[in-house]
Amino acid sequence: MSVTLAQATTIVDAVLKKARELKQMPQTVVVLDSGGHVVAAKREDGSGIIRFEVAVGKAYGALGMGWGSRTMMERAAQNPNFLASIVAASEGRLVPNPGGVLIRDGGGNVIGAVGISGDTGDNDEIIAVAGIEAAGLKADPGGAKK
């Protein structure tokens, strides 16, 4: 099972609404299905020109490794050689920074991931979680703070 277009649209719109409420920098948000395909994406006016690629990299890395990008960042700090290996294995397609959050259904199954880029990684993660929860799904950002 994968995140639906309706769910992805709800997530994207809720993410951007939360970003504006928190007065964050202009954001780019991407929702990938469980196979890593883009289901929905939006880029706010003024968001940097590579923010889409960064957002996809955060979500793609979370899906590829099966953990939120916060876990990837933490593991990279502990074992940089492992991070270098998975970056190489993914042909540079992952971004090990908070803001890549797994989307889980009620049974705990991964059905997609959200990637956010535009503000700090911590702020990106906050709005990703808010968007996923607004769609009635479970957010899994990874990391020791879970």
Practice task
Collect the residues in segment 110-128 that are over 17 Å from residue 26 (Cα atoms) and under 12 Å from the mean Cα position of the chain (by Cα), keeping them in residue-number order.
Solution key: 112, 113
Practice task
Give me a count of the residues in segment 44-61 that are of a type in the set (Gly, Ala, Ser) and in a helix (DSSP H, G or I).
Solution key: 4
Exercise for the section: Could you grab the pairs with beta carbons closer than 8 Å, sequence gap of 6+ or different chains, first residue in segment 69-83 and without any contact (Cβ under 8 Å) to a residue 24 or more places away in the chain, second one assigned to a helix (DSSP H, G or I) and not hydrophobic (A, V, I, L, M, F, W, C)? Expected result: 82/75; 83/75
Practice task
May I ask you to verify whether residue 64 is part of a helix (DSSP H, G or I), small (Gly, Ala, Ser), at pLDDT below 95 and within 14 Å of the chain's Cα centre (by Cα)?
Solution key: yes
Completion exercise
Residues of segment 77-117 being touching a strand residue (DSSP E or B) at 6+ places or on another chain (Cβ under 6 Å) and among the acidic types (Asp, Glu), in sequence order, are 105
Problem - Which listed residue, of 69, 117, 47, 2, is of a type in the set (Ser, Thr, Tyr) and in contact with a Phe, Trp or Tyr (Cβ under 9 Å, 6 or more places away or on another chain) - result: 117
Handout entry: Output for segment 73-124, where each listed residue is out of contact with any Pro (no Cβ under 7 Å at 6 or more places or on another chain) and of a type in the set (Asp, Glu)
Key = 74, 91, 105, 119
Fill in the blank from the handout: When segment 22-38 is checked residue by residue, the ones that are closer than 27 Å to residue 87 by Cβ, free of Cβ contacts under 8 Å to residues at least 40 places away in the same chain and part of a loop (DSSP other than H, G, I, E, B) are 35, 36, 37
Completion exercise
Restricted to segment 31-60 and to residues being of a type in the set (Asp, Glu) and touching a Ser or Thr at 6+ places or on another chain (Cβ under 9 Å), the residue nearest to residue 17 (Cα to Cα) is 44
Practice task
Those residues that are surrounded by 22 or more Cβ atoms within 10 Å (Cβ to Cβ), β-branched (Val, Ile, Thr) and within 17 Å of residue 97 (Cβ to Cβ), I need them from segment 127-146; list them, please.
Solution key: 127
Handout entry: Matching entry among 14, 19, 41, 84 (being part of a helix (DSSP H, G or I) and either on the phi > 0 side of the Ramachandran plot or surrounded by fewer than 18 Cβ atoms within 10 Å (Cβ to Cβ) (or both))
Key = 84
Fill in the blank from the handout: When restricted to 25, 1, the only residue of a type outside the set (S, T, N, Q) and at pLDDT below 95 is 1
Fill in the blank from the handout: Within segment 110-120, residues being buried (at least 19 other Cβ atoms within 10 Å of the Cβ) and either over 20 Å from residue 33 (Cβ atoms) or of a type in the set (Phe, Trp, Tyr) (or both) number 2
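The values are calculated or read from the model by the stated rules, or taken from the named source; none is laboratory data. Not measured: the values here are computed from a predicted model. Ideal geometry is used to build each Cβ from the backbone, glycine not excepted, and the neighbour counts take in all protein chains shown.
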